[in-house]
Amino acid sequence: MTTSLTIGDYEVTAVLDSPGPPRDPSTVFPTVPAKDWDPYRSFALDSEGMWLPDWCSHIIRAASGEGPVILVDSGMGDVVHQHTGKKGQLLNNLAALGIQPEDVDIVVTTHCHGDHIGWNVAYGEGNGTPALTFPSATHWIAARDWGHYTKPENSNPAFDKSVKPLKQLGALKLVEGVEQLAPGITTLPTNGHTPGHQCVLIESGGDTGVLTGDLFHNVVQVTEQTWCPTFDWNTDMSTESRQRLLNRAMNERWTVFTGHLPTGTSIGNIVSEAGKTVWKAL
């Protein structure tokens, strides 16, 4: 059950916001026939045949204690989730790691879907005035996502609530392609799930790690790399991004940190076994 790992000079820790609701794979992957799940049911679905995702963020910190504290994605946020009856626990779980909201220097959003942006902005009681949850942080948002979701035809409540206010609050940084967050840490465009989906690449001390956001959602997609969930904005593009990155991760022996695999099995390697590309949790 690995939830934290060192990549060179950096420690990367998975931080749970909330377990996601059980989902019927036939609705998430509507083009995949039910029988095609049969070889994977024992480990990709639960005993009821449902997919059980987690909503997980990550903290990146230098082992030396120097440099920025980086939060990758901010969960579903301060709302009561119907399936748990509880609010997201990201802030409590950060506090358990000794991290207060004001300690976070950078928030990197892999993409602008509601379960990755929810804690960005808090609203005052009664007056609804937005304020930064992480008051010292700059939010790194892909320019392609910003451009897409600020168009009236693509407007959605989650983006309008949790991302749009970042501009007026002076906390927005638009990311164009590959940009450095800290020595050895860069954004890595992997467009397709959304127009500006981006991973975070860490190259330090001879090690490489990658935080994949929603490049893949279920462990089955490591093997069935053409399977796309209904959430993907452009399936051709998301498939190409997934195949390209997973191939590099396998051939170059990267450590992979995922956003939706169950906590404790969400950090691993991409390996080849019996001629198939598979997930090997650490």
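If I stretch the segment between F43 and T31 completely, what's the gain in nm (0.36 nm per residue apart, minus their alpha carbon distance), one decimal?
Numbers: separation 12, 0.36 × 12 = 4.32 nm, distance 2.04 nm.
The span from F43 to T31 would gain 2.3 nm if fully extended.
Of the beta bridges DSSP finds with both residues in region 4-281, what % are antiparallel, to the nearest 5? Don't skip to the answer; put the middle values down first.
Numbers: 41 of 54 bridges.
Percentage antiparallel, nearest 5: 75.
Need one number: nm distance between label points at S64 and N251, each 7 Å from Cα along Cα→Cβ, rounded to one decimal.
It is 3.3 nm.
If each of T235 and T263 carries a label point 7 Å out from its Cα toward its Cβ, how far apart are those two points in nm?
3.3
State which entries of K86/K161; K86/K280; K86/K164 exceed 29 angstrom in Cα-Cα distance in the structure shown. Walk me through the numbers on the way to the answer.
Details: K86/K161 20 Å; K86/K280 31 Å; K86/K164 26 Å.
Listed pairs above 29 Å: K86/K280.
Whole percent per 5 Å bin, from 0 to the bin with the longest distance: what is P(r) over all C-alpha pairs of the chain?
Values per bin, smallest distances first: 1, 6, 13, 18, 20, 18, 13, 8, 3, 1, 0, 0.
If you project the alpha carbons of region 111-254 onto their three principal axes, what span does each projection cover, largest first, in Å?
Between the extreme Cα coordinates on each principal axis of region 111-254 lie 52, 37, 24 Å.
In square nanometres, what is one fourth of the surface area of the convex hull spanned by the alpha carbons of region 71-126? Intermediate results must be reported in sequence, preceding the final value.
Numbers: hull surface 18.6 nm².
Value for region 71-126: 4.7 nm².
Please list, in order, the residues from region 87-113 whose amide nitrogen is less than 16 Å from a point placed 7 Å along the Cα→Cβ vector of K167.
112
For the chain, what relative contact order do you get, as a whole percent, if you take Cα pairs closer than 8 Å and at least 6 residues apart? Write down the numbers at each step before the final one.
Numbers: 615 pairs, mean separation 51.0, N = 282.
With pairs under 8 Å counted, the relative contact order is 18 percent.
For a quick check: with amide H placed at 1.01 Å from N, whose amide H comes under 5 Å from G196's, ignoring anything fewer than 5 positions away on the same chain?
The answer is D145.
Since every read-out is calculated from the coordinates, none of them should be taken as a lab result. Everything quoted here is computed from the prediction, not taken from an experiment. Because the Cβ atoms are built from the backbone with ideal geometry, glycine has one as well, and the counts that use them run over all protein chains shown.
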